[in-house]
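This report concerns only the one structure given below.
The values are calculated or read from the model by the stated rules, or taken from the named source; none is laboratory data. Just so you know, these numbers come straight off a predicted model, no measurement behind them. Quick reminder, even Gly has a Cβ in these numbers, built from the backbone with ideal geometry, and neighbours come from all protein chains shown. Side chains included, ligands, DNA and RNA excluded: accessible areas come from the protein's heavy atoms. Shrake-Rupley method; radii C 1.70, N 1.55, O 1.52, S 1.80 Å.
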Amino acid sequence: MSEIYPVSDDWKKKAFVTAEGYTAAYAQSVRDPDTFWREEAKRLDWMTPFTKVKNTSFHEADFGIKWFEDGALNVSANCIDRHLPERKDDIAIIWEGDDPSQQRRITFGELHTEVCLMANALKALGAQKGDRITIYMPMIPEAAMAMLACTRIGVIHSIVFGGFSPEALAGRIQDCDSNIVITADAGMRGGKLVPLKHNVDAALTHCASVKACLVIRHVGNDIDMQDRRDVWYHDVRKTVPCDCAPEIMGAEDPLFILYTSGSTGKPKGVLHTTGGYLVWAAMTHHYVFNYTPGEIYWCAADIGWVTGHSYVVYGPLANGATTVMFEGVPNYPDHSRFWQIVDRHQVNIFYGAPTALRSLMREGDDWVKKTSRSSLRLLGSVGEPINPEAWEWYYHVVGEGRCPIVDTYWQTETGATMMTPLPGAHALKPGAASKPMFGVQPVLVDGDGTLLEGATDGNLCMIDSWPGQMRSVWGDHDRFFQTYFTTYPGKYFTGDGCRRDADGDYWITGRVDDVINVSGHRMGTAEVESALVAHAKVAEAAVVGFPHDIKGQGIYAYVTLNANEVESADIRADLIKWVRHEIGPIATPDVIHFAPGLPKTRSGKIMRRILRKIAEGDVSNLGDISTLADPSVVENLVQSRSTAG
Ligand code: 6R9
C-alpha cells in the first residue's frame with residue numbers, strides 16, 4: 001500500500017469544496033436531485049428557463065433520459081457571449097503550435113467575431129439546424145471555433161480524430177450522413193506533416209452525402225481543391241457578416257456525436273445533448289480544477305477525443321477560463337516540451353494522460369527539472385488507470401509535492417468526470433479515482449448482477465442518471481439500450497472493473513469487456529479483428545490486450561492465414577500496414593502471432609481468456625481447457641509464442 005497524501009492547509013483554505021462540504025453536497029445531490037441541479041444549472045444562461053429538472057429511467061418499460069427538458073439555451077452564447085461584458089479583452093484561447101516558435105492568443109471578443117464568421121460561412125455553404133457536420137482538424141484554434149460555430153447555428157458536430165485513416169473517416173461521415181466536412185490543409189505533429197485534406201479527398205470518394213468541404217489554411221502545403229465542393233475558409237470569411245445570432249436550442253436537442261469503440265461491431269456514435277451536457281461539463285470543470293478567474297488552464301487532450309470536447313473547449317469556456325490548445329506532442333523538439341509550455345504560458349493547472357507521463361518518466365528527471373514549473377498548482381490525470389509509480393513521479397518530480405493530482409475517471413458516454421478526488425476535500429491515494437462526483441451513484445455488482453457491499457471488487461454500474469449522460473447511439477436507439485442497460489437490468493454498466501476499499505474510495509481496475517485501452521485511446525478488439533480478416537490472406541484473427549510499459553495496454557493479434565499462405569516477416573509487415581490503413585496508426589498491432597488454429601469451445605466460441613493469458617506470458621495456469629474442441633491448439637500457441645513479433 002503506498003502512501004496517502006492528506007489535503008494541505010493551503011488547499012483547505014482555497015478550495016471551493018471542503019471535506020464536509022463535499023459530504024453535504026453529495027448527500028443533497030442524491031437525496032434531492034431537483035433542488036441540487038436547479039441550483040447548479042444557474043451557472044448557465046438559459047434563453048427559456050426550464051421548469052422540469054429530471055425525467056429519467058434505466059428500466060425497459062419506461063426507458064428514457066431527459067434533463068431540463070423544457071428549457072432552451074445556446075452553447076456558444078454560454079461559452080462566449082455572456083462573458084463579453086466583463087471579459088471581452090481577456091484571453092480565451094492560448095495556442096501553441098507544434099513548432100515552439102508559433103503562438104497565438106485569442107480574446108473572448110475575438111473568439112466571438114471568429115465564431116460568428118465561421119457560423120455564417122457554414123450557413124453560406126447551406127448548413128441548417130439539425131444537420132451533421134464532420135470536423136477533421138489539427139489542434140488549432142479554428143477547431144474550437146468550428147465546434148462553437150456549429151453549436152451557434154444548431155448544427156450537430158462529429159469530430160473525427162486527425163490520426164484516423166480515410167477509411168475510418170469515411171465510415172463516420174456515412175454513419176451520420178454529414179453534408180459538410182471542415183478540415184485544414186494539414187496538421188503538424190512532432191515535425192511531421194499530417195495530410196488532412198488529402199485524407200478527406202480519399203474519404204469523400206465514398207461519401208455522396210457531402211456537398212461541401214470547408215478548408216482552413218494552416219500549414220500552407222499544396223493540396224487539391226475540387227471545384228464546387230471545396231472552399232477555402234479565408235475566401236468565404238471575407239464574404240460573410242461578422243455577427244450571427246445564436247440559435248435557440250432545446251435542452252434535449254442534439255449537441256454532438258462522437259464515435260467510440262465498443263466491445264462489438266463498428267464504432268458507436270455517442271450522442272450528447274445541449275443542456276445537461278453543458279451543465280455537467282461546466283460544473284465538473286469548476287469543482288475538479290477549482291478554477292479561479294485569471295488562471296491559465298491546460299488540458300493536453302486532442303479535440304478528437306471526448307476529453308478535448310469537455311475539458312479543452314466546453315467546460316473551460318463555459319466558465320470563462322483561459323484554455324491552452326497544443327498542436328504537438330510531448331517529446332518534440334525534446335522531452336521538456338510540456339514543461340516548457342507550462343513555463344512559457346505560466347500554466348496553473350495541467351491535465352494530461354498517464355501514457356504521456358510514462359513516456360516522459362522513462363527519459364529521466366532532468367528534462368523536467370531544467371524547467372521551473374513554479375506556476376503549477378494542480379495536476380490532473382485522465383484516460384486510463386494511472387499506475388502508482390507514474391503517479392508518484394508526477395506528484396514529486398513534476399509537481400514537486402506541491403500540487404494535488406485529480407485522477408478523473410469518466411467515459412465518452414458519461415460526458416465528463418464521474419469520479420475523482422476533489423483537490424481540497426479528499427486525501428490522495430496514488431491510483432485511486434476516489435469519490436463520486438455530485439449526483440453520481442456508483443455500485444459494484446458481481447457477474448450475476450448481485451449488489452456487493454463494503455470493501456470489494458466488482459463490475460462498475462451507475463444506478464441513476466446524471467445530466468451529462470449520453471442520450472442515444474446515433475441512428476440506433478435500441479443499440480443504446482442493449483449495450484448499456486441489459487447486462488444488469490435497471491443499471492448503466494460502464495464496462496469497467498472496480499475495487500472499493502475500506503474507506504469507500506473507488507479504484508478503477510480496467511475494462512472487463514473486449515475493449516482495450518492503448519495509450520488512453522479506446523480500441524474495440526472486434527474492430528482490429530475485422531480489419532485483419534478483411535485482408536485477403538487472413539482466414540481468422542483474434543485480438544487481445546496485454547500489459548505494455550508505456551501504452552498501458554498493447555495490441556496482441558493472433559492471426560490464422562489462409563491454407564495456401566506461408567507465414568513470413570513480409571506478411572507480418574503487410575498486415576501491420578494494412579491495419580494502419582484501415583483504422584489508423586493508433587490501432588497498430590504490437591505483436592502478430594501466427595496461429596494455425598485458435599482455441600475454441602465446441603460451440604465455436606473463441607476462448608479469449610486463454611489468449612489473454614498466453615499474450616501476457618502467464619502460461620503456468622491456463623485454467624480449465626477441457627471445454628475446448630481441440631486442446632492441442634493451446635499447446636501449439638504456447639510453444640510458438642516466443643517466435644511472435
Ligand atoms: C475520458 C475517457 C473511457 C475508458 C473508461 C476506463 C478508462 C478513463 C480513467 C480510466 C482509470 C481513470 N479511464 N479515465 N480508467 N482511471 N482516471 O478516457 O473516455 O475514451 O471513452 O475511455 O477509459 O476504462 O471506461 P474514453
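Is it true that P385 is under 22 Å from the mean Cα position of the chain (by Cα), open to solvent by less than 40 Å² (accessible area, probe 1.4 Å) and not acidic (D, E)? Outline the logic, then answer.
Working: under 22 Å from the mean Cα position of the chain (by Cα): yes; open to solvent by less than 40 Å² (accessible area, probe 1.4 Å): no; not acidic (D, E): yes.
No: the conditions fail for P385.
In the stretch 242-264, which residues are over 27 Å from the mean Cα position of the chain (by Cα) and either within 16 Å of the ligand (Cβ to nearest atom) or within 28 Å of L196 (Cα to Cα) (or both)? Residue satisfying the conditions is C242 alone. Within the stretch 9-42, if we keep just the residues that are in contact (Cβ under 8 Å) with a residue 60 or more places away in the chain and small (G, A, S), the residue that is surrounded by the most Cβ atoms within 10 Å (Cβ to Cβ) turns out to be A41. Of the strands (runs of 3 or more DSSP E) that lie entirely inside the stretch 219-276, those containing 2 or more residues that are closer than 30 Å to N517 by Cα span 254-260, 268-273.
For residues that are crowded, with 21+ Cβ neighbours inside 10 Å and within 15 Å of the ligand (Cβ to nearest atom), scanning just the stretch 396-411, find the one that is farthest from R499 (Cα to Cα). Looking at residues that are crowded, with 21+ Cβ neighbours inside 10 Å and within 15 Å of the ligand (Cβ to nearest atom), I get P404. For the structure I just gave you, tell me whether M1 is in contact with a strand residue (DSSP E or B) (Cβ under 8 Å, 6 or more places away or on another chain) and either modelled with pLDDT under 95 or open to solvent by 60 Å² or more (accessible area, probe 1.4 Å) (or both). Against the criterion (in contact with a strand residue (DSSP E or B) (Cβ under 8 Å, 6 or more places away or on another chain) and either modelled with pLDDT under 95 or open to solvent by 60 Å² or more (accessible area, probe 1.4 Å) (or both)), M1 does not qualify.
Please tell me if H272 is surrounded by fewer than 24 Cβ atoms within 10 Å (Cβ to Cβ) and under 20 Å from V440 (Cα atoms). For H272, the condition - surrounded by fewer than 24 Cβ atoms within 10 Å (Cβ to Cβ) and under 20 Å from V440 (Cα atoms) - is not met. Can G415 be described as crowded, with 20+ Cβ neighbours inside 10 Å, within 24 Å of the chain's Cα centre (by Cα), within 22 Å of V270 (Cβ to Cβ) and more than 9 Å from the ligand (Cβ to nearest atom)? The answer is yes for G415.
Condition check for D70 on (1) in contact (Cβ under 8 Å) with a residue 60 or more places away in the chain; (2) out of contact with any Lys or Arg (no Cβ under 6 Å at 6 or more places or on another chain); (3) over 15 Å from L278 (Cβ atoms): one failure, at (2). Within the stretch 307-337, the set of residues being open to solvent by less than 10 Å² (accessible area, probe 1.4 Å), among the hydrophobic types (A, V, I, L, M, F, W, C) and outside any loop (DSSP other than H, G, I, E, B) comprises V312, V313, L317, A318, V324, M325. Checking each residue in the stretch 516-571 for being at positive phi and either open to solvent by 40 Å² or more (accessible area, probe 1.4 Å) or touching an Asp or Glu at 6+ places or on another chain (Cβ under 7 Å) (or both) picks out G520, G552. Counting only residues that are closer than 14 Å to F164 by Cβ and in contact with a Lys or Arg (Cβ under 6 Å, 6 or more places away or on another chain), the stretch 180-218 holds 1 of them.
Of the residues that make up the stretch 445-458, is at least one closer than 28 Å to W37 by Cα, within 15 Å of the ligand (Cβ to nearest atom) and either open to solvent by less than 10 Å² (accessible area, probe 1.4 Å) or in contact (Cβ under 8 Å) with a residue 24 or more places away in the chain (or both)? No, there is no match, as no residue in the stretch 445-458 is closer than 28 Å to W37 by Cα, within 15 Å of the ligand (Cβ to nearest atom) and either open to solvent by less than 10 Å² (accessible area, probe 1.4 Å) or in contact (Cβ under 8 Å) with a residue 24 or more places away in the chain (or both).
Taking the condition surrounded by fewer than 22 Cβ atoms within 10 Å (Cβ to Cβ), away from the ligand (no atom under 16 Å from the Cβ), assigned to a loop (DSSP other than H, G, I, E, B) and basic (K, R), does R344 pass? Reasoning before the result, please.
Numbers: surrounded by fewer than 22 Cβ atoms within 10 Å (Cβ to Cβ): yes; away from the ligand (no atom under 16 Å from the Cβ): yes; assigned to a loop (DSSP other than H, G, I, E, B): no; basic (K, R): yes.
Considered against the rule, which asks whether it is surrounded by fewer than 22 Cβ atoms within 10 Å (Cβ to Cβ), away from the ligand (no atom under 16 Å from the Cβ), assigned to a loop (DSSP other than H, G, I, E, B) and basic (K, R), R344 comes out as no.
Of the residues I133, I153, which single one is touching a Pro at 6+ places or on another chain (Cβ under 9 Å) and either among the β-branched types (V, I, T) or without any contact (Cβ under 8 Å) to a residue 60 or more places away in the chain (or both)?
On the way: I133 fails: touching a Pro at 6+ places or on another chain (Cβ under 9 Å).
The match here is I153.
Sort out which residues of the stretch 459-482 are surrounded by 20 or more Cβ atoms within 10 Å (Cβ to Cβ), of a type in the set (S, T, N, Q) and more than 25 Å from W37 (Cα to Cα), and write them in order of number.
So the first thing to find is which residues in the stretch 459-482 are surrounded by 20 or more Cβ atoms within 10 Å (Cβ to Cβ), and the list is 459-462, 465-474, 480.
Among the residues that remain, those that are also of a type in the set (S, T, N, Q) are: 459, 465, 469, 472.
Within the stretch 459-482, just N459 meets the criteria.
Across the stretch 71-116, which residue is least open to solvent (accessible area, probe 1.4 Å) among those that are farther than 16 Å from A321 by Cβ and hydroxyl-bearing (S, T, Y)? Only one residue tops the list, namely T113.
Does W46 fit the bill of being out of contact with any Ser or Thr (no Cβ under 6 Å at 6 or more places or on another chain), open to solvent by 20 Å² or more (accessible area, probe 1.4 Å) and aromatic (F, W, Y)? Considered against the rule, which asks whether it is out of contact with any Ser or Thr (no Cβ under 6 Å at 6 or more places or on another chain), open to solvent by 20 Å² or more (accessible area, probe 1.4 Å) and aromatic (F, W, Y), W46 comes out as yes. Close contacts from the stretch 492-519, counting a first residue that is basic (K, R) and a second that is outside any strand (DSSP E or B), with Cβ to Cβ under 7 Å and a gap of 6+ residues or different chains, come to R500/A455.
All of (1) touching a residue at least 24 places away in the same chain (Cβ under 8 Å); (2) out of contact with any helix residue (DSSP H, G or I) (no Cβ under 7 Å at 6 or more places or on another chain); (3) under 23 Å from A281 (Cα atoms); (4) not aromatic (F, W, Y) hold for H83 with one exception: (2). Taking the stretch 484-571 as the region of interest, the strands (runs of 3 or more DSSP E) fully inside it that hold 2 or more residues being within 15 Å of the ligand (Cβ to nearest atom) and not aliphatic (A, V, I, L, M) are 492-500, 506-511, 521-524, 538-548, 552-561. The residue that is nearest to the chain's Cα centre (by Cα), among those in the stretch 171-205 that are open to solvent by less than 30 Å² (accessible area, probe 1.4 Å) and of a type outside the set (A, V, I, L, M, F, W, C), is R172.
Would you point out the residue of the stretch 579-620, among those that are among the acidic types (D, E) and buried (at least 17 other Cβ atoms within 10 Å of the Cβ), that is modelled with the lowest pLDDT? Top of the filtered list is E582.
Cβ-Cβ contacts under 9 Å between residues 6 or more apart (or on different chains), taken from a first residue in the stretch 397-411 that is on the phi > 0 side of the Ramachandran plot and without any contact (Cβ under 8 Å) to a residue 24 or more places away in the chain to a second residue that is more than 14 Å from the ligand (Cβ to nearest atom) and of a type outside the set (A, V, I, L, M), are listed as G401/Y5; G401/Y395.
Please tell me if T417 is in contact with a strand residue (DSSP E or B) (Cβ under 9 Å, 6 or more places away or on another chain), closer than 24 Å to Y5 by Cβ and in a strand (DSSP E or B). Step through it out loud before you land on a result.
Details: in contact with a strand residue (DSSP E or B) (Cβ under 9 Å, 6 or more places away or on another chain): yes; closer than 24 Å to Y5 by Cβ: yes; in a strand (DSSP E or B): no.
It is false that T417 is in contact with a strand residue (DSSP E or B) (Cβ under 9 Å, 6 or more places away or on another chain), closer than 24 Å to Y5 by Cβ and in a strand (DSSP E or B).
Within the stretch 504-519, is even one residue small (G, A, S) and at pLDDT below 95? Yes, the stretch 504-519 contains a residue that is small (G, A, S) and at pLDDT below 95.
For the stretch 347-395, the set of residues classified as of a type in the set (F, W, Y) and within 16 Å of the ligand (Cβ to nearest atom) consists of F350, Y351, W391, Y394, Y395, listed by residue number.
Name the single residue, out of those in the stretch 147-162 being closer than 11 Å to A119 by Cβ and touching a Leu at 6+ places or on another chain (Cβ under 8 Å), that is surrounded by the fewest Cβ atoms within 10 Å (Cβ to Cβ). Ranking the candidates gives I153 first.
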